[in-house]
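Reviewing the structure listed below.
The values are calculated or read from the model by the stated rules, or taken from the named source; none is laboratory data. All figures in this text were calculated on a predicted structure; none of them were measured in a lab. Here the Cβ is made from the backbone with ideal geometry for all residues, glycine too, and neighbour counts use every protein chain on show. Ligands, DNA and RNA are excluded from the accessible area calculation, which covers all protein heavy atoms including side chains. Shrake-Rupley method; radii C 1.70, N 1.55, O 1.52, S 1.80 Å.
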Amino acid sequence: MSRDELSLQYHGLFLPKETHSQDSLKFAEDFKFEDSDVIAVTFPKSGTVWMQEILPLILNEGDLTPVQTIPNWDRVPWLEETRLALVMDQLKSPRALVTHFLYDLMPASFHQSKAKIIYVMRNPKDVIVSFYYFHQMAAFLEDPGTFDEFLDKFLDGKLAFGKWTDHVKSWRKPELGDRILYITYEEMKEDLPTALRKISRFLGKNLREEVIQKIAENCSFTVMKNNPMSNFSLVPKVYMDSDKSPFLRKGVAGDWKNHFTSEQLSHLNSVITKELDGFTLPWSLN
Ligand code: A3P
């Protein structure tokens, strides 16, 4: 099916109908943020599910019960998706949420609250590769076509949630001050315990070193890949087919090197550099 058949439009963005509805988007608009809430913000394929594992483990000081008993989409629901309304009453304070929304789509109560934000950024080249395989396995997303075609769609902002450059730029807001923590997928990958200490401090949690180590172990790629509450194996194969590509696919930084030709790379570099318009990235695009 085509993107138009599989998606609904919201403020110029195309969002999959399977997980979003006019009601869920209205629910997000009316959502009442509390000061104690924390929301992880990501462009798709940047480490959302990883944060759905990390946040409950930190907030519950290493207690494994939530990550072993509640599916990731209900444990740390997406603000914009249909599940939130169904599980809202079961969320315990401090509540943890995720969103792919750009800054300007956040509801009024978010701006009035002191809710904390963790913005996770991933190298766009790896985002594209991860997204490409996700389009192959998820029946609610259109067929990705060739990698070359998919790259054009990504750069043109024709995939869900639009342009990556618009997303990252939208969340660079000085007025958010110390409400926001910026972190990269790559730094979590490079040294997870250090990243976990950074996130814990930001959330006001002073965790013992053994708790940090326990959390790092339980949100490693291998443990998550084998956790049915986090690897999407509970989703029927007609929607997400892990035989085509598992959701937790490779979990590395730099897989783009196996996919891009030098022409594709220089095309991506020139488009992204132009659109970033001086906004600096934590890694070189080359
Ligand atoms: P790959 O497709 O490159 O493997 P999102 O949750 O935002 O959709 O992002 C999915 C990407 O994050 C996938 O990337 C997935 O493997 C990766 N990921 C999820 N948990 C991870 C972990 N514990 N360690 C490393 N990567 C992880």
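Observations
- Candidates are the residues of segment 137-146 that are more than 11 Å from the ligand (Cβ to nearest atom) and in contact (Cβ under 8 Å) with a residue 60 or more places away in the chain; the one that is most open to solvent (accessible area, probe 1.4 Å) is A139.
- Matching entry among W73, W78 (being over 21 Å from L192 (Cα atoms), within 16 Å of the ligand (Cβ to nearest atom) and open to solvent by 30 Å² or more (accessible area, probe 1.4 Å)): W73
- When we screen D243, D277 for residues that are more than 12 Å from the ligand (Cβ to nearest atom), modelled with pLDDT under 95 and among the acidic types (D, E), the only hit is D277.
- Within segment 214-258, restricting attention to residues that are touching a helix residue (DSSP H, G or I) at 6+ places or on another chain (Cβ under 6 Å) and of a type in the set (D, E), the residue that is nearest to F150 (Cα to Cα) is D255.
- Scanning segment 259-281 for residues that are surrounded by 13 or more Cβ atoms within 10 Å (Cβ to Cβ) and either in contact with a helix residue (DSSP H, G or I) (Cβ under 9 Å, 6 or more places away or on another chain) or assigned to a loop (DSSP other than H, G, I, E, B) (or both) gives H259, F260, Q264, L265, H267, L268, V271, I272, E275, L276, L281.
- Candidates E190, E149, filtered to the one that is within 23 Å of E5 (Cα to Cα) and open to solvent by 50 Å² or more (accessible area, probe 1.4 Å): E149
- Which listed residue is under 16 Å from the mean Cα position of the chain (by Cα) and of a type in the set (A, V, I, L, M), from L159, L155, L141, L203: L159
- The listed residues are E53, E18, E29, and the only one of them that is acidic (D, E) and under 15 Å from M224 (Cβ atoms) turns out to be E53.
So that you can scan it fast, the table gives a plain yes or no per residue for (1) under 17 Å from M51 (Cα atoms); (2) part of a helix (DSSP H, G or I); (3) charged (D, E, K, R):
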residue	(1), (2), (3)
K158	no, no, yes
G162	no, no, no
K169	no, yes, yes
R172	no, no, yes
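- Residue selected from segment 5-18 under the condition within 27 Å of R179 (Cβ to Cβ) and within 18 Å of the chain's Cα centre (by Cα), by the criterion farthest from the ligand (Cβ to nearest atom): L13
- Among the residues making up segment 209-229, those that are among the hydrophobic types (A, V, I, L, M, F, W, C) and either open to solvent by 30 Å² or more (accessible area, probe 1.4 Å) or not in a loop (DSSP other than H, G, I, E, B) (or both) are V211, I212, I215, A216, F221, V223, M224, M229.
- Among the residues of segment 230-243, those identified as surrounded by 14 or more Cβ atoms within 10 Å (Cβ to Cβ) and of a type outside the set (S, T, N, Q) are F232, V235, M240, D241.
- Selection count, segment 37-52, where residues are farther than 15 Å from E186 by Cβ, within 8 Å of the ligand (Cβ to nearest atom) and crowded, with 24+ Cβ neighbours inside 10 Å: 1
- Failed condition for F140, given (1) in a loop (DSSP other than H, G, I, E, B); (2) within 24 Å of I272 (Cα to Cα): (2)
- Scope segment 109-130; condition touching a residue at least 60 places away in the same chain (Cβ under 8 Å) and either surrounded by fewer than 20 Cβ atoms within 10 Å (Cβ to Cβ) or of a type outside the set (A, V, I, L, M, F, W, C) (or both); matching residues: S109, Q112, S113, K114, K116, Y119, R122, N123, P124, K125, D126, S130
- Failed criterion for S2 (all others in (1) at pLDDT below 95; (2) within 13 Å of the ligand (Cβ to nearest atom); (3) not acidic (D, E) hold): (2)
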